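Would you mind keeping the following structure in view while I ask a few things?
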Amino acid sequence: MKLPAVPHVWLWIVCALLLAMAVLAIIKRKQYVWTVTDTGQSELSSLREPYWLRVLVAFDVFCNVIAGGLPDETISARCGRWSMRPHGHLVQKFINRWLSTIQADHGLQAISGDLGRAQRVVLVEQAALADYARTHPPHT
């Protein structure tokens, strides 16, 4: 029994969506050099992420750790960091360039987003330790 041929409609739909995303990203792309102000704004926006986005970031970090990356670093930040090196890994440079066509300065935004989230964790942990030190006197 021969199965009927399935049209490749879904493949064309996916290709059309990717092309549309790339075109829109190129049209809306910022045409200036990344500055310290941009880093600060990106750090602040990472602190206001909704719950569902934090879950996706956690999955991204999990995948990065499985692939041998640093803990608490997203794949995008890793690719962005490696693409800044003169002799960075070619796959990571390709991923960073591809993501930068969808979102301008994606690697730099990912690095500063990771930095903002890390700074928030540091503040929370410092407050917890200070609270513990205040409520539990040292042993003598």
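The values are calculated or read from the model by the stated rules, or taken from the named source; none is laboratory data. Predicted model only: the values in this text are computed from it and were never measured. Positions of Cβ are generated from backbone atoms using ideal geometry, with glycine treated the same way; all protein chains shown enter the neighbour counts.
Which pairs turn up if I take residues in the range 61-88 that are crowded, with 18+ Cβ neighbours inside 10 Å and look for partners that are small (G, A, S) and in a loop (DSSP other than H, G, I, E, B) with beta carbon separation below 6 Å, at least 6 apart in sequence or on another chain?
What qualifies is R78/G69; W82/G88.
Hey, any hits in the range 51-60 for a residue that's part of a helix (DSSP H, G or I), charged (D, E, K, R) and either at pLDDT 75 or above or within 19 Å of L99 (Cβ to Cβ) (or both)?
Yes, the range 51-60 contains at least one residue that is part of a helix (DSSP H, G or I), charged (D, E, K, R) and either at pLDDT 75 or above or within 19 Å of L99 (Cβ to Cβ) (or both).
Would you point out which residue out of G80, G113 is within 23 Å of L18 (Cα to Cα) and at pLDDT 80 or above?
The match here is G80.
Okay, moving on. Is it fair to say S46 is modelled with pLDDT under 85 and either within 23 Å of L18 (Cα to Cα) or of a type outside the set (A, V, I, L, M) (or both)?
yes
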